[in-house]
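Only one structure is covered here, and it is reproduced in the block below.
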Amino acid sequence: MANETEIILNHWKDGSPDDRIAHLIKDATRSLVRSLQNKLKEYGVPFSQWSILRVLWTKDGLSQRELSSMAGITEATTANVVRQMEIKGYISRRHMGKNKRKRHVFLTVKGKKLEIKLVPLAEEVNKIARKNIDQNEIKTLRNCLLTMIENLGSEEKLTK
């Protein structure tokens, strides 16, 4: 087990077993991301680029703002990552319509081919994470997390 994993587990098992659920979700996310990052290294794809690729494999031709929103990263970070991806030949950016400031991001053939190589890595991480967890527990976890997202979204609407 990696040192960071041991630190996280010790925190939850010994140090603060009743800490807030948000912290537990954050730590689980960190572990998932770290695991995928280690697998992506073999292909020279940082996690930030994975986040963009994952969105574009689903919906190509988004504006950088749309891409940023769907990937869950800031616009400034998206701009930097997209530039790096353009240099690597994974994407191209083009102006669409009359708005010459707004550029849309499109996968290149090289970027599309990465899907076949990288998606199985993410599937493997998910499989490892789900090991020793009953399918009903996974279903319950999924439903709980979706309900939390809905609850927080409803609260957010009330405060705007």
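The values are calculated or read from the model by the stated rules, or taken from the named source; none is laboratory data. No experiment lies behind these values; they were computed from the predicted model shown. With ideal geometry, Cβ positions are generated from the backbone for all residues, glycine too; neighbour counts draw on all protein chains shown. Surface areas here come from the heavy atoms of the whole protein model, side chains and all, with no ligands, DNA or RNA. Shrake-Rupley method; radii C 1.70, N 1.55, O 1.52, S 1.80 Å.
Hey, if we sort PHE106, PHE47 by accessible area with the 1.4 Å probe, largest down, what's the order? The partial results should precede the final answer.
Working: PHE106 35, PHE47 60 Å².
Highest to lowest solvent-accessible surface, that is PHE47, PHE106.
Can you tell me which of ARG130, ARG20, ARG93 moves the most in a GNM of the chain? Springs connect C-alpha atoms under 10 Å apart.
Per the Cα network of the chain with a 10 Å cutoff, ARG20 tops the list.
If LYS88, LYS100 are ordered by their accessible area, calculated over protein heavy atoms with a 1.4 Å probe, which sequence runs from highest to lowest?
Values: LYS88 65, LYS100 135 Å².
Most to least solvent-accessible, the answer reads LYS100, LYS88.
Evaluate E = 1/(1 + (r/R0)^6) for ALA76 and TYR43, where r is the Cβ-Cβ distance and R0 equals 25 Å; express this FRET efficiency to the nearest 0.05.
On the way: r = 25 Å, r/R0 = 1.00.
Once the sixth-power term is evaluated, E becomes 0.50.
Give me the percent of accessible area attributable to carbon and sulfur for the chain, probe 1.4 angstrom. Intermediate values should be presented prior to the final figure.
Details: 6180 of 11390 Å².
Here carbon and sulfur together make up 54 percent of the probe-accessible area.
Could you work out how far helix 109-130 tilts from the main Cα principal axis of the chain, as a 0 to 90 degree angle to the nearest 10?
Between the helix axis and the principal axis of the chain, the angle is about 10 degrees.
Taking the Cα-to-Cβ direction at TRP57 and at ARG20 and moving 7 Å from each Cα, how far apart do the two end points lie in nm?
3.3
Mind telling me which of LEU53, LEU24, LEU141 comes out most flexible in a GNM of the chain, alpha-carbon contacts under 10 Å?
Residue with maximal mean-square fluctuation among LEU53, LEU24, LEU141: LEU141.
Go through GLY44, ASN151, SER92 and say which Cα lies farthest out towards the positive end of the charge dipole of the chain; charges sit on Cβ, +1 for Lys and Arg, -1 for Asp and Glu.
SER92
Which of LEU62, LEU114, LEU146 ends up with the largest GNM mean-square fluctuation for the chain, with Cα atoms connected below 10 Å?
Sorting by GNM fluctuation, first place goes to LEU146.
Modelled label-to-label distance, LYS110 and GLU66, 7 Å Cα→beta-carbon offset: nm?
Reported label-point gap for LYS110 and GLU66 is 2.5 nm.
Keeping all protein chains in place and using 1.4 angstrom, which order do MET148, MET85 fall into by accessible surface area, from largest down? Intermediate results must be reported in sequence, preceding the final value.
Working: MET148 70, MET85 0 Å².
The ordering from most to least exposed comes out as MET148, MET85.
Can you give me the angle between helix 21-40 and the longest principal axis of the chain, using Cα atoms only, in degrees from 0 to 90, rounded to the nearest 10?
50
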